[in-house]
Amino acid sequence: AQLVESGGALVQPGGSLRLSCAVSGFTVDSNYLSWVRQAPGKGLEWVSVILLAGSTTYADSVKGRFTISRDSSKNMLFLQMTSLRTEDTAVYYCVGSSSRGLGFDFWGQGTLVTVSS
Amino acid sequence: DIVMTQSPDSLAVSLGERATINCKSSHSVLSTSSYRNCVAWYQQRPGQPPRLLIYWASTRESGVPDRFSGSGSGTDFTLTISSLQAEDVAVYYCQQAYTTPYTFGQGTRLEIK
């Protein structure tokens, strides 16, 4: 399995950005897919998950601002980010779980989002 | 939210010696449907994404050396490296995969003494 993120950039506070994750080796609707972020020099923070049936859940810190989605025809995962804040600055990882409760067994290399004026 | 607290924050161990990292969850993470403790351990080397080492508290991921082991149940969990190698220098994280928001411990930095 391989996960490849793209779309990270420098954006001003209040701006928007869409991250993409190209998935190979499995289909996006056969695994639980999440976004996990890591601020510079800090620990790991789970952001959002999309479950097998398509339902979604978000961390309180991004609820109402971020939207996770998937495109089965392209086998891709997305994260639409709006109303970006400086504290959203982080490397964003696309991650997969082959079984609920297992943890994240697939990780991408990450894409850097910098929110700064 | 379930809080995961690791100890210690940093650890220095001699090559060939045992390293032990602890993780305590604020609530039980035992799944009543699978009877499995939903705790995972990750290794993150500098400049790399995290790598899954252990899932369901004690199951070693494929390809992970057998010097890595996980134990514990309920709210107390442990990652043990039986004989430290130079390539084990990294930050280690525990995570609960029981319920959202999925939460991580703050990380333990492991160095060579």
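The values are calculated or read from the model by the stated rules, or taken from the named source; none is laboratory data. What you see is a predicted model; the values in this text were computed from it and never measured. We place every Cβ from the backbone using ideal geometry, glycine too, and count neighbours over all the protein chains shown.
Residue pairs, Cβ under 6 Å, 6 or more apart or interchain, first in the stretch B:44-55 and of a type outside the set (A, V, I, L, M, F, W, C), second at pLDDT below 95. List them.
Listed pairs, sorted by first residue: B:55/A:102; B:55/A:103.
Quick test for you: out of B:26, B:31, B:69, B:14, pick the one residue that is within 11 Å of chain A (Cβ to nearest Cβ) and either out of contact with any Ser or Thr (no Cβ under 9 Å at 6 or more places or on another chain) or at pLDDT 95 or above (or both).
Numbers: B:26 fails: within 11 Å of chain A (Cβ to nearest Cβ); B:69 fails: within 11 Å of chain A (Cβ to nearest Cβ); B:14 fails: within 11 Å of chain A (Cβ to nearest Cβ).
Result of the check over B:26, B:31, B:69, B:14: B:31.
Can you go through A:35, A:46 and tell me which one is touching a Leu at 6+ places or on another chain (Cβ under 8 Å), within 14 Å of chain B (Cβ to nearest Cβ), of a type in the set (Phe, Trp, Tyr) and closer than 27 Å to residue B:91 by Cα?
From the options A:35, A:46, the qualifying one is A:35.
Which one of the conditions (1) more than 8 Å from chain A (Cβ to nearest Cβ); (2) touching a residue at least 60 places away in the same chain (Cβ under 8 Å) does residue B:93 fail to meet, given that it meets all the rest?
Unmet condition: (1).
Any residue at all in the stretch B:57-72 that is of a type outside the set (Gly, Ala, Ser) and under 20 Å from residue B:101 (Cα atoms)?
Scanning the stretch B:57-72 turns up no residue that is of a type outside the set (Gly, Ala, Ser) and under 20 Å from residue B:101 (Cα atoms).
For the stretch A:54-73, name all the residues that are part of a loop (DSSP other than H, G, I, E, B) and charged (D, E, K, R).
Quick first cut of the stretch A:54-73, residues part of a loop (DSSP other than H, G, I, E, B) only: A:54-55, A:59-65, A:72-73.
If the condition is that a residue be part of a loop (DSSP other than H, G, I, E, B) and charged (D, E, K, R), then A:60, A:63, A:65 are the ones that fit.
Taking residue A:57, is it among the polar types (S, T, N, Q) and facing another protein chain (nearest Cβ under 10 Å)? Steps first, please.
Details: among the polar types (S, T, N, Q): yes; facing another protein chain (nearest Cβ under 10 Å): yes.
For residue A:57, the condition - among the polar types (S, T, N, Q) and facing another protein chain (nearest Cβ under 10 Å) - is met.
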